[in-house]
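One structure is given below, encoded as structure tokens.
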Amino acid sequence: MWDWSKLSIVRGDITKQKADVIVNAANVSLLGGGGVDGAIHKAAGPELLKECKKFHGCPTGEARVTKAYNLNAEYIIHTPGPIWRGGFFDEESLLRKSYVSSLKKAIELKVKSIAFPSISTGGHKFPLDTASEIALNTISEFLNSEENEIENIYIVCKSEDTFNQYEESKRKLVG
Ligand code: AR6
């Protein structure tokens, strides 16, 4: 059984979250955008974009690591989550892959804390109820099955609706 006390669902701005790793819900260009991606680039500063350019993009579901610049973190892990297209294009497994790829990078970096936004549920339009279940299931199952040093996982929700949905999905899972 995974220790659910390691996972906190919090309300706020992820750019203000203190954690070793901040995860960015990016797009395949990795060159910034709106939503949480825009907020992270703005708060981290222009050096972040320079580092991101070196990757020449990133496929959906994979992840890339950069420094965190002006954020209160050591690293940023950028992952493009899937764009929702009615559920006919493997969106669910791609969303799982985004969480797993990010966690794999975090384990390689030997960090102790990681903060996730609600990947794909803004501009990418993934339905929030399914996305929150996928996020919580994937994080708990993966960390339960892998050797790791992660002690704290934060899911940082900007809106009250997002926060409430993650709380409900967690209740369903944990009981
Ligand atoms: N802190 C925490 N959560 C946030 C913040 C913040 N500062 N800002 C927004 N959110 P989105 P996506 C929430 O659209 O759906 C961008 O243009 C937001 O309310 O940021 O994966 C990228 O460049 C929602 O709950 O990411 C891509 O093109 C969640 O973060 C595209 O949007 C995800 O919303 C990615 O779309």
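The table that follows gives values for the structure above.
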item	result
Within the chain, percent of DSSP bridges classed antiparallel, to nearest 5	20
Volume per residue that the Cα convex hull of region 76-123 spans, once the total is divided by residue count, Å³	69
Summed residue charge, Cβ within 11 Å of residue 79's Cβ, Lys/Arg positive, Asp/Glu negative	+2
Contour minus Cα-Cα distance for residue 109 and residue 125 (0.36 nm per residue)	2.7 nm
Cα-based Rg of the chain normalised by 2.2 N^0.38 Å, two decimals	0.94
Violating pairs (Cα-Cα greater than 32 angstrom) within the set 67/172; 54/97; 42/172; 53/172; 105/125	67/172; 42/172; 53/172
Coil-residue trypsin sites (Lys or Arg not before Pro) of region 125-174, DSSP, other Cβ within 10 Å capped at 15	125
Segment residue 159-residue 4, length gained on full extension (0.36 nm per residue, minus Cα span)	53.6 nm
Cβ-Cβ FRET estimate between residue 90 and residue 47, R0 fixed at 35 Å, reported to 0.05	0.55
Residues 20, 13, sorted so that the one with the fewest Cβ neighbours within 10 Å comes first	13, 20
Positive-end residue of 118, 32, 163, charge dipole of the chain with Cβ unit charges	32
Helix-only CD estimate at 222 nm, as mean residue ellipticity for the chain, using -39500 (n - 2.57) per DSSP H run (n ≥ 4)	-12500 deg cm²/dmol
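Rule-based calculations on the coordinates, nothing more; no lab input. Just so you know, these numbers come straight off a predicted model, no measurement behind them. Here Cβ is always computed from backbone atoms with ideal geometry, including for glycine, and neighbour counts include all displayed protein chains.
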